[in-house]
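Shown next, in structure tokens, is the structure this report addresses.
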Amino acid sequence: MKWIGAVFILFATSWFGFYFAKQLTDRTKQIRAWKLTLQSLEAEIMYSQLPLQDACRRIADQMNGRLREFLLHFSDVLANGAESTKLAWMECLEHYKKNVSLKQKDLEILMQFGETLGMHDKHSQQKQIVLALRHLEREEQEALENHQKYDRMAKTLGVLTGLLLIILLI
Amino acid sequence: MILNYSLIFQIAGIGVLAAIISTVLKKAGQDDFATWTILAAFIVVLVQVILKVGELFDKVKDVFLFH
């Protein structure tokens, strides 16, 4: 009985450590995916000049996971006649952020970007995209640093804390 | 008399694990947390030892009938 409990404790704390490490990895990956999305969006706006909903649908085909869902959702909301692009963006972002590893400040950048979406001509829009990309780049740098710094630590600490707890309780 | 070694092993285990954890934390640049871990482990061990020493004193009292 004792040993079953010990295994449970070890499993739980290890899982927590690995979860934390995965969160760090995922944040970098998601920021990268967002950068790619914004770059594609810039290209679509500048060169193919599609309406925003078609552009989003086209970009969504190249993406996967939550970001793809977000883009499809956004394009659906736009196609169904949203009040404004900004509101549609906010609503979709609200939906999107429930299950992602992005931090609040990353989402803040996206929100600020959303406020400019569809308000300007294409050159100003391009400038806004470049600005958002700069911000995201900075966040990516930070996320990468955190990842390299804390990834191993989180995993090791998870397992070791489990062992420590077991020794303390046995 | 049956000697109970488990406490000694427990303390040794705590010591080893605390040392590893503090090394890991130090490597990640969290020096203050590393210090805190060592301190916490030290306090835990200290409490355990003090409880045992208290038992010893109680036994001494019993032996000499100091009630």
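Nothing in this text is a laboratory measurement; each read-out follows from the coordinates by a stated rule. Keep in mind that this is a model prediction, so the values were computed, not measured. No Cβ is skipped: glycine too gets one built from the backbone with ideal geometry, and neighbour counts run over all protein chains shown.
Here the spin labels are modelled as points 7 Å beyond Cα on the Cα-Cβ line, and at B:Thr35 and A:Leu131 they lie 4.4 nm apart.
Between the helical axis of A:66-79 and the longest alpha-carbon principal axis of chain A there is an angle of about 30 degrees. Computed from point charges on the beta carbon alone (+1 for Lys and Arg, -1 for Asp and Glu), the dipole magnitude for chain B about its Cα centre is near 120 Debye.
Mind scanning A:Lys97/A:Lys149; A:Lys35/A:Lys149; A:Lys155/B:Lys26; A:Lys35/A:Lys127; A:Lys149/B:Lys26; A:Lys97/A:Lys127 and naming the pairs with a C-alpha gap bigger than 18 Å? As for pairs spanning more than 18 Å Cα to Cα, those are A:Lys97/A:Lys149; A:Lys35/A:Lys149; A:Lys97/A:Lys127. Remark: region A:2-169 carries a charge dipole of roughly 720 debye about the Cα centre, counting +1 on each Lys and Arg Cβ and -1 on each Asp and Glu Cβ.
Residue by residue, region A:31-42 carries 3J(HN,Hα) couplings of 5, 4, 4, 5, 4, 4, 4, 5, 5, 5, 4, 4 Hz when phi is fed to the Karplus relation 6.51 cos²θ - 1.76 cosθ + 1.60 (θ = phi - 60°); x denotes Gly or Pro. At q = 0.15, 0.20, 0.23, 0.27 Å⁻¹, what is the base-10 log of I(q)/I(0) for chain B according to the Debye formula with one equal point scatterer per Cα and no solvent? Please give it to two decimals. Results for chain B at q = 0.15, 0.20, 0.23, 0.27 Å⁻¹ read -0.61, -0.82, -0.95, -1.09.
Globularity index of region A:1-101 is 1.51 (Cα radius of gyration / 2.2 N^0.38 Å, N = number of residues). Of all chymotrypsin sites (Phe, Trp or Tyr not before Pro) in chain B, which ones are in loop regions per DSSP and have a Cβ with at most 11 other Cβ atoms within 10 Å? Counting only loop positions with at most 11 other Cβ atoms within 10 Å, the chymotrypsin sites (Phe, Trp or Tyr not before Pro) in chain B are B:Tyr5, B:Phe64, B:Phe66. Of the GluC sites (Glu not before Pro) in region A:81-170, the ones in a loop by DSSP (not H, G, I, E or B) with at most 16 other beta carbons within 10 Å are A:Glu83. For region A:8-23, the Karplus equation 6.51 cos²θ - 1.76 cosθ + 1.60, evaluated at θ = phi - 60°, returns couplings of 4, 4, 4, 4, 5, 5, 5, 4, 4, x, 5, 4, 4, 5, 5, 4 Hz by residue, with Gly and Pro reported as x. Just the Cα atoms of chain A, one point each, no solvent: what log10 I(q)/I(0) does Debye give at q = 0.11 Å⁻¹? Once normalised to I(0) and log-transformed, intensities are -0.55.
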